[in-house]
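For reference, the structure discussed in these notes is given below.
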Amino acid sequence: MPAVPLAALPGPGPSGAAVDVAVVGAGLIGLATAWELRRRGRSVAVVDPDPGSGASRAAAGMLAPVSEVQYQQEPLYPLMTTSAAEYPAFVAALERAAGQPVGHRTTETLVCGVDAADRQALADLRELQLRHGMDVQPLPLRTARALEPALSPRLSAAFRIPGDHQVDPRRLVAALLAALTAPLPSDPALDGGGDGGPVRLVREPAAALQHDARGAVTGVVLAGGQEVAAAETVLSPGAGLGALAGLPVGCRLPMRPVHGDILRARPPAGAPELLERTVRGLVHGVPVYLVPRADGTVVIGATSREDGLDGASAGGVFRLLRDAQALVPGVADLELAEVMARARPGTPDDIPYLGRVRADSGEPVAGLVVSTGYFRHGVLLTPLAARLAAQLVTGEPGADPAADAAHLATTDPHRFDLQIAGPPNRSI
């Protein structure tokens, strides 16, 4: 989607704003939020020099509210299951608006262990998952290999998770970019919310927030000094939030970049697809996943490091290939097509920041919503995050206000204001 110069933005309306909403950040969360706002009749500008090039570019796209469960992260579970339930309607509406598929696949996920300790760890985790009403089914190894013949015959355990699916994040980004400017089809689910018009994409970095004399946020100042005036601003810049000047005094949003290495491999020309289902597993206690795409490509990942190394880690790439072959030996016969690393924005408790930003007085700062810090769950939480942010901006209630209020209480950006944040959760 070509950049729109600022001169092309509409003139100030009654509020003095060039657009209703400026969204800073064009990863999946920012793009989906802009689309949801457009569907609700708001004019929107998205500010980002390179849309979809950050963590969204590297993401594997697993929609895995069950197999992504970690110990001591119970507050995340309702967010994950709610967003997963919203994905089918989100995908249907987006594909209708964009006129192109997003690579949403509803094939199940298999979770496997290599040794006896892996088998016990997965069985223990299943007990936690079952206590939270999740569907995890033990599989005889013979059945697992009948479903996926490429699985190693030396596995110790296998489980089926029917409700864990996947989407292709790169195709999802492309569809969102298309939907931001395409004619918007009517959507009965929005009760005639209207069309805010094509979203403007400003391909420049945001440098600072703009404030009025009362302290309200009135838009964004770009790195080149130009301004995008907006009645509301939504911050979704991922790990780059700390570089943005002008955040309210006392606004404490601790964040850390967590890098992940990810590989893409493909079968030789004429060879059959290696896998049909997503395969996740533990290999001597270390997690790894293999996500098959419709074109035969397999995405391999699961490293999580905080070493400050922006590029791919040689050790991480080695471990991914070694452990992926322990689950699926045929990985050794694939062509390695891409090696990539990206930083994901992590909060101290690995729960995102989503809500109104408050000043020292405790009052919300007019015109400012934050939606960032999604760490490993950005793709999964995209529908829920976009909807909640759009509702915060517009003041419109959702279908279940009590549930939405509970989600926003969990993601309160100021939850660390009255406590000393503990050490980051390094689980993967």
**Complete:** Diffing segment 110-117: the Karplus 3J(HN,Hα) column from phi (6.51, -1.76, 1.60, θ = phi - 60°), in whole Hz with x for Gly and Pro, holds 9, 10, 10, x, 8, 10, 5, 5
**Message:** Using amide H atoms built in the peptide plane, which far-off residues or other-chain residues are under 5 Å from His104 H to H?
**Reply:** Asp168
**Request:** Hey, can you find the accessible area per residue of the chain for me, probe 1.4 Å, expressed in square angstrom?
**Result:** 40 Å²
**Prompt:** Taking θ as phi - 60°, what are the ³J(HN,Hα) couplings along segment 219-227 by the Karplus curve (6.51, -1.76, 1.60), each to the nearest whole Hz, with x for Gly and Pro?
**Reply:** x, 10, 9, 7, 4, x, x, 6, 10
**Item:** Longest segment of the chain lacking trypsin sites (Lys or Arg not before Pro) that sit in a DSSP loop with at most 15 other Cβ atoms within 10 Å
**Value:** 253-425
**Message:** Under 10 Å, Cα contacts only: if you run a Gaussian network model on the chain, which one of Gly194, Gly296, Gly362 comes out with the highest mean-square fluctuation?
**Reply:** Gly362
**Prompt:** By how many degrees, between 0 and 90 and to the nearest 10, does the Cα long axis of helix 169-181 differ from the longest principal axis of the chain?
**Reply:** 30 degrees
**Charge dipole (segment 152-296, unit charges on Cβ, about Cα centre) - positive-most of Gly296, Gly219, Pro254** = Gly296
**Request:** Measure nothing but the geometry: give the 0 to 90° angle between the long axis through the Cα atoms of 28-39 and the longest principal axis through the Cα atoms of the chain, rounded to 10°.
**Result:** 50 degrees
**Prompt:** Given only helices, namely DSSP H runs of n ≥ 4 each adding -39500 (n - 2.57), what is the per-residue ellipticity at 222 nm of the chain, to the nearest 500 deg cm²/dmol?
**Reply:** -8000 deg cm²/dmol
**Request:** Subtracting the Cα-Cα distance from 0.36 nm times the residue separation, let me have the gained length for Asp400 to Ala332 in nm, one decimal.
**Result:** 19.6 nm
**Dipole magnitude (debye, nearest 20) for segment 81-196, charges at Cβ of Lys, Arg, Asp, Glu** = 500 debye
**Item:** For Ala174, net neighbour charge (Lys/Arg +1, Asp/Glu -1) across residues whose Cβ lies under 13 Å away
**Value:** +1
**Request:** Of the listed values [x] 0.95; [y] 1.03; [z] 0.98, grab the one calculated as Rg/Rh (Cα atoms, Kirkwood Rh) from the structure here.
**Result:** [z]
**Item:** Principal-axis tilt of helix 314-327 within the chain, Cα atoms, nearest 10 degrees
**Value:** 50 degrees
**Asked** Can you list the HN-Hα couplings for segment 49-59, worked out from phi with the Karplus curve (6.51, -1.76, 1.60; θ = phi - 60°), rounded to whole Hz and with x for Gly and Pro?
**Response** x, 8, x, x, 9, x, 4, 4, 5, 8, 4
**Request:** Determine the share of the chain's accessible area contributed by carbon and sulfur atoms, expressed in whole percent, with a 1.4 angstrom probe.
**Result:** 56 percent
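The values are calculated or read from the model by the stated rules, or taken from the named source; none is laboratory data. The shown structure was predicted, so the numbers you read here are calculated from the model rather than taken from an experiment. Using ideal geometry, Cβ is built from the backbone for each residue, glycine included, and neighbour counts are taken over all protein chains shown. Remember, those area values only see protein heavy atoms, side chains included, never the ligands or the DNA or RNA. Shrake-Rupley method; radii C 1.70, N 1.55, O 1.52, S 1.80 Å.
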